[in-house]
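Asks: Submitted below is the structure of interest, expressed as structure tokens.
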Amino acid sequence: MTMLPTDPPYTPAGQEAAPPSRNKALRRFLGNRMAVAGVVVVTLLLLVALFAPVIAPHHPNDDIFRGMRGVGPSLEHPMGFDHLSRDLLSRVIFGTRVALLVGLVSSLISIVIGVIVGAVAGYFGGWIDELLSLITDALMAFPLIALLIVLAAVMGPSLTTTIIVIGATVWARYARVVRAEVMSLRERDFVTAARALGAFDRRIIWKHVVPNVLTSVIVLASLQVGAVIILESALSFLGLGVRPPTATWGGILSDGRAFILRYPHIAIFPGVMIVITVLAFNFIGDGLRDALDPHQKIARGK
């Protein structure tokens with residue numbers, strides 16, 4: 001069957017805004033200093049997570065430093081020790097692995113679910129749209145952290161459970177975005193032409209419609225990864241995330257809560273890592289939005 005070209009994304013204001021070329025989008029992104037800084041930070045975090053066993057000076061659960069409980073930062077131990085005399089730098093480094101693994105894999109799961117639900121609802125409409133929209137709205141209306149706590153408590157704390165629970169509950173925002181864009185695309189000429197040539201609905205959705213919404217999905221995903229990392233940290237802080245003694249930023253924060261006045265560094269360092277990581281992903285998301293989203297450019301008068 002003849003492959004049909006895809007149209008540029010629809011512009012609500014009635015203007016045709018051709019998506020920027022790759023080179024132009026790249027130049028726009030590189031011109032955003034905060035976005036570039038975010039890429040540098042995330043790249044460094046990925047390297048730290050990948051080579052954690054090599055970078056970390058000690059095993060995260062080593063308790064060989066007897067008598068060093070709560071000792072503050074020094075040249076040999078830049079982040080000091082926790083309440084169990086474990087090297088805090090090593091635990092924070094290994095905690096990076098968990099944060100990025102949960103953030104990226106959970107986001108991938110939610111993207112897959114959200115794109116499927118949003119594309120089906122937006123393309124077919126009718127009772128299918130009503131049913132899927134009802135489920136999406138109900139999920140968005142329910143307090144997310146409360147739902148995560150209930151599911152994690154029922155399934156039991158573990159890394160796999162944390163990834164599945166978060167991924168299976170944060171897809172609603174993706175579904176809303178995809179549904180709205182698919183509804184504007186399903187009546188476009190290239191979709192009508194595909195139907196006239198006898199293309200099946202499934203082929204039209206995945207070959208012609210979904211590729212036109214990927215820009216919005218990518219931008220949203222880059223912004224949502226930080227939110228997912230916060231959710232993972234919150235579950236670990238509450239003891240419903242990854243099981244101890246596995247090092248997680250939220251778990252280290254929870255350990256430091258009881259000693260916040262005596263050993264404040266235990267809570268400060270993982271908290272700073274969470275803030276830096278979330279800000280880095282948000283800066284990347286803002287940069288991608290400015291570089292790739294023609295709607296945003298028209299709204300800003302660019």
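The values are calculated or read from the model by the stated rules, or taken from the named source; none is laboratory data. If you're wondering where the values come from, they're calculated on a predicted model, not measured in any experiment. All Cβ positions, even for glycine, are placed from backbone atoms using ideal geometry, and neighbour counts span all protein chains on display.
Listed here are the residues, each with its yes/no results for (1) touching a His at 6+ places or on another chain (Cβ under 9 Å); (2) at pLDDT below 80.
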{"position": "Pro9", "(1), (2)": "yes, yes"}
{"position": "Ala13", "(1), (2)": "yes, yes"}
{"position": "Ala25", "(1), (2)": "no, yes"}
{"position": "Ala37", "(1), (2)": "no, no"}
{"position": "Leu44", "(1), (2)": "no, no"}
{"position": "Ile64", "(1), (2)": "yes, yes"}
{"position": "Gly67", "(1), (2)": "no, yes"}
{"position": "Met79", "(1), (2)": "yes, no"}
{"position": "Leu88", "(1), (2)": "yes, no"}
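Asks: With respect to Arg66, determine if the residue is without any contact (Cβ under 8 Å) to a residue 60 or more places away in the chain, farther than 30 Å from Met183 by Cα and of a type outside the set (A, V, I, L, M).
Replies: Yes, satisfied.
Asks: In segment 74-100, what residues are closer than 11 Å to Ile266 by Cβ and either surrounded by fewer than 19 Cβ atoms within 10 Å (Cβ to Cβ) or without any contact (Cβ under 8 Å) to a residue 40 or more places away in the chain (or both)?
Replies: Passing the criteria: Phe81, His83, Leu84, Arg86.
Asks: Within segment 165-179, how many residues are part of a loop (DSSP other than H, G, I, E, B) and either of a type in the set (Lys, Arg) or in contact (Cβ under 8 Å) with a residue 60 or more places away in the chain (or both)?
Replies: Going through segment 165-179 one residue at a time, the tally reaches 2.
Asks: May I pose another question? Test Thr136 against the criterion of being under 19 Å from the mean Cα position of the chain (by Cα) and among the polar types (S, T, N, Q), and give yes or no.
Replies: In short, yes.
Asks: What is the number of the single condition among (1) over 30 Å from His77 (Cα atoms); (2) without any contact (Cβ under 8 Å) to a residue 24 or more places away in the chain that Leu185 does not meet?
Replies: (2)
Asks: Considering every residue within segment 180-200, establish whether at least one is assigned to a helix (DSSP H, G or I), within 21 Å of the chain's Cα centre (by Cα) and not acidic (Asp, Glu).
Replies: Yes, that holds for at least one residue.
Asks: Counting just the residues of segment 21-63 that are free of Cβ contacts under 8 Å to residues at least 60 places away in the same chain and of a type in the set (S, T, N, Q), which one comes out farthest from Ile252 (Cα to Cα)?
Replies: Once the filter is applied, the top-ranked residue is Ser21.
Asks: With of a type outside the set (S, T, N, Q), touching a helix residue (DSSP H, G or I) at 6+ places or on another chain (Cβ under 7 Å) and over 17 Å from Thr248 (Cα atoms) as the only criterion, which of Val115, Val102, Val154 stands out?
Replies: Val115
Asks: If you don't mind, another one. Could you give every pair whose Cβ atoms fall below 7 Å, whose first residue belongs to segment 200-219 and is under 19 Å from Ser110 (Cβ atoms), and whose second residue is aliphatic (A, V, I, L, M) and modelled with pLDDT under 85, counting only separations of at least 6 or pairs across chains?
Replies: Matching pairs, first to second residue: Thr215/Leu292; Val219/Leu292.
Asks: In addition: Go through segment 238-252 and give me each residue that's farther than 15 Å from Leu84 by Cβ and in a helix (DSSP H, G or I).
Replies: Correct list: Trp249, Gly250.
Asks: Here's another thing I want to ask about it. Which residues, counting only those in segment 56-92, are within 25 Å of the chain's Cα centre (by Cα) and β-branched (Val, Ile, Thr)?
Replies: Hit for segment 56-92 is Val92, nothing else.
Asks: For segment 231-246, give me each residue that is without any contact (Cβ under 8 Å) to a residue 12 or more places away in the chain and either surrounded by 17 or more Cβ atoms within 10 Å (Cβ to Cβ) or touching a strand residue (DSSP E or B) at 6+ places or on another chain (Cβ under 8 Å) (or both).
Replies: The answer is none; no residue qualifies.
Asks: For residues that are β-branched (Val, Ile, Thr) and more than 19 Å from the chain's Cα centre (by Cα), scanning just segment 20-55, find the one that is farthest from Asp290 (Cα to Cα).
Replies: Val54
Asks: If you scan segment 187-222, which residues turn out to be out of contact with any Lys or Arg (no Cβ under 8 Å at 6 or more places or on another chain) and crowded, with 20+ Cβ neighbours inside 10 Å?
Replies: Val191, Ile205, His208, Val210, Asn212, Val213, Thr215, Ala221, Ser222
Asks: Please verify whether Ala153 is crowded, with 18+ Cβ neighbours inside 10 Å, touching a Leu at 6+ places or on another chain (Cβ under 9 Å) and at pLDDT below 85, treating the condition exactly as stated.
Replies: no
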